[in-house]
Structure formats: C-alpha cells, structure tokens
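**Student:** Dumping the structure here so I can ask a few things about it.
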Amino acid sequence: MKKLVATAPRAAELKDYEDRPIQSNEVRVKVEFAAPKHGTELADFRGTTPFIDGKFDNDWKVFVERDADEPRGIEFGDLSIGNMFVGTIIEAGADVTEYAVGDRVCSYGPIRETEIVNAVDNYKLRKMSREASAKNAVCYDPAQFALGGIRDANVRSGDNVVVIGLGAIGQLAVQMAKKSGASIVIAVDPIEKRREIAGKYGADYCFDPTACDVGLEIKRITGKMGADAILETSGSVQALQSALKGLAYGGTIAYLAFAKPFPAGLWLGQEAHYNYGKIVFSRACSEPNPDYPRWNRKRIEDVVWDMLMSGYLDCSEIIDPVVKFEDSAEGICTYMDKEQEKSIKMGVTFGGEE
C-alpha cells in the first residue's frame, strides 16, 4: 500500500507502508477521497513553519542550530501530507459499537490508501450516506474555522461584510456571510479563479488587492461607512492594513490567519486608530471560545457537518482540481505549492468522486 509523504522541503512522493493490526477500539477504513490543508500544512511542506524557542511547532521537523556564521535550518524526516479523508470501514474492533463494516465515514488523517481510526467515543469520525458529497465532507475542517470567524466577527443580517483571502476558509465564509443575511459581501484575493468562484457563491463585489486600494473601495461601496465585519484569512500585512482602513467605526476584524512575523510597514495610526475597531483573533478549535459554554468546538463541528451534508454549503468548486492518487505527489508540488493560482483546495481520488 502507498502513502503520500514529503521527503524534503517542497518534495513529495508515494511510499510503501504496512498497516498494523487494529486495536479493539479502532476501525480500518479504505480511503476513496482525501484532501490536504493548503494553509498551515503548506508551511510545513515548504519547511517554513514558525518555530518557538528553537523548536518547530509541529511533530515532524527538528530545528537545527548551526554555526553562528551559517543560517538556521531544519532536518526533514518523512512528513505525512493530508488533512481529511472519506472512505468505507473494512474492519472493526471488538469494542466498536457505533460503527460497522460497510459504513461510509469521514475523519482527519493523511493521504494514504487506508486509515486506522479510534471509533469509540470519537465524534470526529463522521458517518455519511453513500450519496453525500465527498468534496463537501473534506471541507469539514475549513468550515469550522469559517463559522468560528463568522461568529467571532458578530456577522448579523444587514451587515456589510468583507472576506479577505479566498482559500477554502474564505470561500466558505463568503457563503456563510451571504446566507446569514449580509447586505453586501465583498471578497478579496489576488487570484482571479478564486474571485470568480466567490462571486458565483455569494460575493457581491470581488477585488484584486494588487490592482486597487481595497480599503478605499470598501468605503466607496458602503457610502463611506465601511465594513461592519471583516474576516482576514490571508495573513498578509497589506491585507490587515486594508482591513483597518476599510473597517466601519466600531466594526470588528476577525483575524483567522496564522500569520508569520510582519515586516515593517503595518500602520496602526490614522484609519486604524480613528475607526475605533476591534481585532478578534479567531480560532474555532481553541477552548473555551467566546460563547462558551453554550458554544464549544463540538457544537461548531456538529453545525458545520449538518451544513455540509445537507447541501446548505456547496464545496463542489472549492475542491479543485481533483487528481488521481497515483498523481498526488506531483499534484501537491504543483497545485498546493508552485502554481497556487490554479487551485483552491486540491482533492485526491482513489477511484471515487472526481
């Protein structure tokens, strides 16, 4: 059997593996569809994950302190690639009662032909029908952060809402904002393909930040008022500056991006100071969240799973392109890394949905 791994920064290949026997609380799943995570996982793949106190903030890399006259670097072991998968249970342990052989499920895991998952008291292992969209299912993770951002930004019916960064999280946030009754939804991304899809699924205006002053355009469209809520998912210093400029007096920026250290140039005076805005650092998986105990991560996950499985959210064009598993190493290098303008969130098929 094969699994997709990174063997060095920006290098991927399929490698052989052997499954271990499952334990009594586990199931073995034959995978039909999977997807990587284009944000934080891309930083891992490139070897640029931020480090803290001399150690990288993940399980795969070891930070190396070299001689003072040489740059710092990393040692790279095989790095598993992948975020979500869909498949069918082919084996179940003796203690598993909520799942059975033949059940179609979705959960977290790397891109490989089989998965072994704890199936006892694990609400993150989700059952799904044979007819349910695998593309929607593998957006389970980004949908959680999109909903967390919508809630943290306090998006309400009639609001003017801006979403900056149109990866999977931003695309889903656009859909959620419009379906929440936002009066105007403005989408911002330098990639034309992403703007086109956002416009198709709810954005009233789409802007290329490299071709205009986004903050000024937000003020122009809203009659100089500005946006009530802005969701910033890109992590760009220019994007945050545009958000501060385009924010309405007393508005809220939900900052979803996991940003690297900003260079000089972020200006917190002028518009930022006078707009009297709030910046909320939004992370759906952090507990307790602002609405605890009524809302916790499990409730967010339950709600977005229902949205995805019911078709309330449509991820059919967010998962694009879809590549065959045997071509996934090349696909990762191309669509997730080198030619991002061609993709939003890459899907990998094992012979199932395309």
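The values are calculated or read from the model by the stated rules, or taken from the named source; none is laboratory data. These figures come from a predicted structure and were not determined experimentally. Don't worry about glycine lacking a Cβ; one is built from the backbone with ideal geometry, like all the others, and counts go over all protein chains shown. These accessible areas exclude ligands, DNA and RNA; they are computed on the full protein's heavy atoms, side chains included. Shrake-Rupley method; radii C 1.70, N 1.55, O 1.52, S 1.80 Å.
**Student:** Of Asp95, Asp320, which has the most accessible area and how do the rest follow, probe 1.4 Å?
**Tutor:** Working: Asp95 90, Asp320 50 Å².
Largest accessible area first, the residues go Asp95, Asp320.
**Student:** Name the long-range amide H neighbours of Asp103: under 5 Å, sequence gap of 5 or more, or other chain; modelled H, no Pro or chain starts.
**Tutor:** HN-HN under 5 Å from Asp103: Ile89.
**Student:** Quick one: dipole size for the chain, taken about the Cα centre, charges +1 on Lys/Arg Cβ and -1 on Asp/Glu Cβ, in debye to the nearest 20.
**Tutor:** On the way: 43 positive and 54 negative charges, 216 e Å.
Using Cβ point charges on Lys, Arg, Asp and Glu, the chain gives about 1040 debye.
**Student:** Return the single residue from Ile164, Ile253, Ile116 with maximal mean-square fluctuation; model: Gaussian network over the chain, springs between Cα atoms under 10 Å.
**Tutor:** Of the options given, Ile116 has the highest mean-square fluctuation.
**Student:** Okay, moving on. I'd like the distance separating the alpha-carbon centroids of the stretch 296-342 and the stretch 187-221, in whole Å.
**Tutor:** 21
**Student:** Follow-up question, since we're still on this one. Against the globular-protein guess of 2.2 N^0.38 Å, express the Cα radius of gyration of the stretch 175-255 as a ratio, rounded to two decimals. Write out the running numbers ahead of the final one.
**Tutor:** On the way: Rg = 11.7 Å, N = 81, 2.2 N^0.38 = 11.7 Å.
In units of the globular-protein estimate, the stretch 175-255 measures up at 1.00.
**Student:** Could you give each residue of the stretch 328-333 its phi-based ³J(HN,Hα) in whole Hz, using Karplus coefficients 6.51, -1.76, 1.60 with θ = phi - 60°, and x for Gly or Pro?
**Tutor:** 6, 5, 5, x, 4, 5
**Student:** With no solvent and one point on each alpha carbon, what is the Debye value of log10 I(q)/I(0) for the stretch 143-289 at q = 0.11, 0.12, 0.15, 0.20 Å⁻¹?
**Tutor:** With no solvent term, the Cα-only Debye profile gives -0.33, -0.40, -0.64, -1.21.
**Student:** Do any of Lys37/Lys338; Lys179/Lys345; Lys178/Lys260; Lys124/Lys260; Lys193/Lys345 go past 20 Å between their Cα atoms, and which? Please report the intermediate quantities before stating the final value.
**Tutor:** Values: Lys37/Lys338 15 Å; Lys179/Lys345 22 Å; Lys178/Lys260 30 Å; Lys124/Lys260 29 Å; Lys193/Lys345 12 Å.
Pairs exceeding 20 Å: Lys179/Lys345; Lys178/Lys260; Lys124/Lys260.
**Student:** Another question, if that's okay. Send over the semi-axes of the chain's equivalent ellipsoid, whole angstrom and largest first, taken as the square roots of 5 times the C-alpha gyration tensor eigenvalues. Mind dumping the intermediate values first?
**Tutor:** Details: eigenvalues 244, 125, 70 Å².
Value: 35, 25, 19 Å, ordered largest first.
**Student:** Looking at the chain, send over the antiparallel percent of its DSSP beta bridges, to the nearest 5.
**Tutor:** Details: 38 of 63 bridges.
Here the share of antiparallel DSSP bridges comes out near 60 percent.
**Student:** With a 1.4 Å probe and all protein chains left in place, how much accessible area per residue does the chain have, in Å²? Walk me through the numbers before you get to the answer.
**Tutor:** Working: 16550 Å² over 354 residues.
Value for the chain: 47 Å² per residue.
**Student:** Share of the chain's accessible area from carbon and sulfur, percent, 1.4 Å?
**Tutor:** Values: 8060 of 16550 Å².
Answer for the chain: carbon and sulfur cover 49 percent of the accessible area.
**Student:** Starting from 0.36 nm per residue, how many nanometres of slack lie between Asn122 and Leu216 once their C-alpha separation is accounted for? Before the final figure, lay out the partial values.
**Tutor:** On the way: separation 94, 0.36 × 94 = 33.84 nm, distance 4.72 nm.
Contour length minus the Cα-Cα distance gives 29.1 nm.
**Student:** Compare the Cα positions of Ser234, Ala211, Gly223 along the charge dipole of the stretch 201-244 (+1 at Cβ of Lys, Arg; -1 at Cβ of Asp, Glu; about the Cα centre) and return the one farthest towards the positive end.
**Tutor:** Of the options given, the answer is Gly223.
**Student:** I need the phi-derived Karplus couplings for the stretch 270-282: 6.51 cos²θ - 1.76 cosθ + 1.60, θ = phi - 60°, integer Hz, Gly and Pro marked x.
**Tutor:** Running phi through 6.51 cos²θ - 1.76 cosθ + 1.60 with θ = phi - 60° gives 6, 4, 4, 6, 6, 6, 6, x, 10, 10, 10, 7, 9 Hz.
**Student:** Here is a further query. If you plug each phi of the stretch 236-253 into the Karplus form 6.51 cos²θ - 1.76 cosθ + 1.60 with θ = phi - 60°, what whole-Hz ³J(HN,Hα) values come out, in order, with x for Gly and Pro?
**Tutor:** So the J values, rounded to whole Hz, are 7, 5, 5, 5, 5, 5, 5, 5, 5, 6, x, 6, 6, 4, x, x, 10, 9.
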